[in-house]
Amino acid sequence: MTTPTTTTTAERRAAAADGGVPFGRLLRTELRKLTDTRASRWLLIAIVAATPVVVTVMLFVAAPKDLTYNNFVDYTQTPQKILLPALAILAMTSEWSQRTGLVTFTLVPDRRRVLLAKFTAVLALGLVAIAVAFAAAGIGNALGAGLRHGNGSWAFGPAGFGEITLVQVIGLVEGMAFGMALLITASAIIAYYVLPSIWSALFTLTASLKTIAAWFDLNKASGALYDQDITGKGWLQLLVAVTIWIAVPLAFGVWRVGRTEVKSS
Amino acid sequence: MAVLSPPAIEVAGLSKSYGTHIAVDDVSFAVRPGSVTGFLGPNGAGKSTTLRMLVGLTRPSDGRSTVLGVPYPRLPNPGRRVGVLLDASAQHTGRTGREVLTLGAMLMGLPATRVDEMVELVGLTPAEARRRTGTYSLGMRQRLGIAHALLGRPRVLILDEPANGLDPAGIHWMRGLLREFADAGGAVLLSSHLLREIEVIADELVVIGRGRLVAQGSKHDLLAAAGTFVRADGGDLAAALHAAGIEFRPAAGGGYTSPANAETIARAAAHAGVALTELRPVDGGGLEALFLHLTADDAREDVTA
């Protein structure tokens, strides 16, 4: 049993010195990939810019009595609720629609690590955008009170931050789950934005469907979070709806990305 | 055999089927350090599928492969060991060439200066590198792809149709680049469906047709196997060959080609007193003849099987 010496020793030494791609480096790369194309840059600009635009419009249009922190938050997070999931979907599908997966998955063959890095990157960027919205709402409320003698109420409560953030995070994760499960940008976008509406409409067809809608309809189930009056039953409904709309496509998506052949055409 | 270094790439019994369609059927070969191996086959022969299996993008139905002694997906930071270019056009069209390289350098843990070195090495101008890849010609994409593959100073290169879209000067440049890489101890596996490219670039050949291995060996040996060209300006060469029981047929432009080796033909001619004016391996279209012959054979086999 003679083993080839020099090469293997050198190889082992090289492998020890370079034990693989650390997660931090993978995460930094994935974060950069979210911001380094024209399309993604414009989407991010839209997400971030929408907030001050909404605040400005509210300052001019809303009745002074409605200029409260709660209302500013309510309006500023609406465009984000629509746009953030698009960022999440694109983060997942672009590897396939732009075929960059061919490079990504040869540099990091463990696809689950890539998914985890994307997941973390999208959440991090999303949380920054959400924080910007909260801050912009605060500035809006202060300006409203100062410039237009607005109501200026800061009544919101710490639970409010948590619940609004949770709504946004649900949207982000749902977007990523749809992206992973479908892998095609157009299909994932359509499924994400159209399917829930059809589903909601379905649950208004009969009275009995209406009564159970909150268990199966994520929009309805998360609606209670917006209104900040979620109950124990509401949390349970949210859990069920999240399982249907997020956990199932997410599990399928992770499985699919792990197995799918990465091809150039 | 003891003097041979261990293979940089080893493929053993690799197969892939999609339903009843067999894309790759029991393919085995090895690529040694210091050599440029051409992976040749007509379109749809299973070259790309084999290369994708080799780097872990496609699950094989059967068989196994290793790169630098381990299955590719188990290589730590594979970009620092193996340079891979599977499709030069598979780049985000909205990213600049520089950005593509920067992302790769970041992920592999390389200094940013490596990006400029690679841009220069592959002959892209700084201005071109700042353009989005959507505006690139195929030749520029290939150069970018080669730059990306070489970023991490790998010891093995796996390139799928890298010469596709390059002009003759570009192919010449690539030959020099890969030759230098191999001479420094690197191993190169590159595929092509174009014989001319591979004839120019590779020194070892692996030929597949319809998913099956049809020939492998050194380019020199495979060319020799394609036959001998013989010509005599005086005397009845045909009669001499016929008398010796040597199989032959007339070549375009005079002379004959024969599957027999040069020595056999020379002896027959000497025996008949015919002076030869030319006796050499079939050249020029040699590899082409081999290629057509091999793939046609394979196709026939498929029909009768």
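Quick check on packing: order A:257-263, B:33-39, B:114-120 by the mean number of other C-beta atoms within 10 Å, highest mean leading.
Put in order of decreasing packing, that is B:33-39, B:114-120, A:257-263.
Within 10 Å of each Cβ in B:75-86, how many Cβ atoms from other chains are there, averaged over the peptide? The partial results should precede the final answer.
Working: counts 3, 8, 10, 6, 5, 6, 4, 2, 1, 4, 3, 7.
The per-residue average across the peptide is 5.
What are the ³J(HN,Hα) values, in whole Hz, obtained from phi via the Karplus relation 6.51 cos²θ - 1.76 cosθ + 1.60 with θ = phi - 60°, for each residue of the range B:148-164 in sequence order, with x given for Gly and Pro?
Computed from phi, the couplings for the range B:148-164 are 5, 5, 8, 3, x, 6, x, 9, 10, 10, 10, 10, 9, 6, x, 8, 4 Hz.
What fraction of the Cα pairs in the protein assembly as shown, stated in percent, has a spacing above 38 angstrom?
47
Kindly state, to the nearest 0.05, the FRET efficiency for residue A:211 paired with residue A:247, given R0 = 22 Å and r defined as their beta-carbon distance.
Step by step, r from the Cβ atoms, then E = 0.40.
Mind listing P(r) for the range A:46-128? All alpha-carbon pairs, 5 Å bins, whole percents.
3, 12, 19, 17, 12, 11, 8, 7, 5, 4, 2, 0
Scan around residue B:84 for amide H atoms under 5 Å from its own, H built in the peptide plane at 1.01 Å from N, and keep only partners 5 or more places away or cross-chain.
Under 5 Å from the amide H of residue B:84 lie the amide H atoms of B:158, each far enough along the sequence or on another chain.
If the only charges are +1 at each Lys and Arg Cβ and -1 at each Asp and Glu Cβ, what is the size of the charge dipole of the range B:56-191 around the Cα centre, to the nearest 20 debye?
It works out to roughly 360 debye.
Expressed in whole Å with the largest first, what are the equivalent ellipsoid semi-axes of the range A:189-265 derived from the C-alpha gyration tensor as the square root of 5 times each eigenvalue? Can you show the working numbers first?
Details: eigenvalues 172, 48, 22 Å².
Each semi-axis is the square root of five times an eigenvalue, giving 29, 15, 11 Å.
Residue-wise, which Karplus ³J(HN,Hα) couplings in Hz belong to the range A:127-133, taking 6.51 cos²θ - 1.76 cosθ + 1.60, θ = phi - 60°, and x for glycine or proline?
5, 4, 4, 5, 4, 4, 5
Express in whole angstrom the spacing between the alpha-carbon centres of the range B:125-204 and the range B:43-120.
13
Suppose every Lys and Arg Cβ carries +1 and every Asp and Glu Cβ carries -1, with no other charges. What dipole size does the protein assembly as shown come out with about its Cα centre, to the nearest 20 debye?
1700
Kindly put A:89, A:170 in sequence by how many other C-beta atoms sit within 10 Å of each C-beta, fewest to most.
A:170, A:89
Taking the Cα centre of chain B as the origin and placing charges on Cβ (Lys, Arg +1; Asp, Glu -1), which of B:19, B:176, B:83 is farthest toward the positive end of the dipole?
Going by the charge dipole, the pick is B:83.
Where in the range B:43-72 does the amide nitrogen come within less than 18 Å of the point 7 Å from the Cα of residue A:259, taken along Cα to Cβ?
The answer is B:57-62, whose backbone nitrogens lie closer than 18 Å to the label point.
Mind listing the long-range amide H neighbours of residue B:61? Cut-off is under 5 Å, sequence gap 5 or more, other chains count too, H placed in the peptide plane at 1.01 Å from N.
B:15, B:16, B:17
Hey, with R₀ at 22 Å, roughly what FRET efficiency would residue B:200 and residue B:251 work out to, going by the Cβ-Cβ distance, to 0.05?
0.45
Once you charge only the Cβ atoms, +1 for Lys and Arg and -1 for Asp and Glu, what is the size of the charge dipole of chain A about its Cα centre, to the nearest 20 debye?
Values: 22 positive and 14 negative charges, 133 e Å.
Dipole size: approximately 640 debye.
Show the residues, 5+ positions off or on another chain, whose built amide H is closer than 5 Å to the amide H of residue B:261.
Residues meeting the criterion, in which the H sits 1.01 Å from N, do not exist here.
Lys/Arg Cβ at +1, Asp/Glu Cβ at -1, dipole of chain B taken about the Cα centre: which of B:37, B:241, B:200 is farthest positive-ward?
Farthest towards the positive pole: B:37.
Which residues in the range B:52-87 have a backbone N closer than 15 Å to a point placed 7 Å from the Cα of residue B:17 along the Cα-to-Cβ line?
Within reach of a label on residue B:17, which here means backbone N under 15 Å from a point 7 Å along Cα→Cβ, the range B:52-87 contributes B:60-63.
Using only the Cα atoms of the range B:177-249, construct the convex hull and provide its projected area averaged over every direction, in square nanometres to one decimal.
7.8
Can you work out the Karplus-derived ³J(HN,Hα) for every residue in the range B:173-186? Use 6.51 cos²θ - 1.76 cosθ + 1.60 with θ = phi - 60°, whole Hz, and x for glycine or proline.
After applying 6.51 cos²θ - 1.76 cosθ + 1.60, I find 4, 5, 4, x, 4, 6, 4, 4, 4, 5, 5, 7, x, x Hz.
When all C-alpha to C-alpha distances in chain B are sorted into bins of 20 Å, what percent of pairs does each bin hold, rounded to whole numbers?
30, 49, 19, 2
Quick one: if you take sqrt(5λ) for each eigenvalue of the C-alpha gyration tensor of chain A, what semi-axes come out, biggest first, whole angstrom?
Numbers: eigenvalues 337, 117, 54 Å².
For chain A, the semi-axes come out at 41, 24, 17 Å.
Identify which of B:248, B:181, B:29 has the largest mean-square fluctuation in a Gaussian network model of chain B, with springs joining Cα atoms closer than 10 Å.
B:248
All of the numbers you see were taken from the coordinates with simple rules; none came from a lab. Predicted model only: the values in this text are computed from it and were never measured. Reconstructed Cβ throughout: ideal geometry from the backbone, glycine too, with neighbour counts over all protein chains shown.
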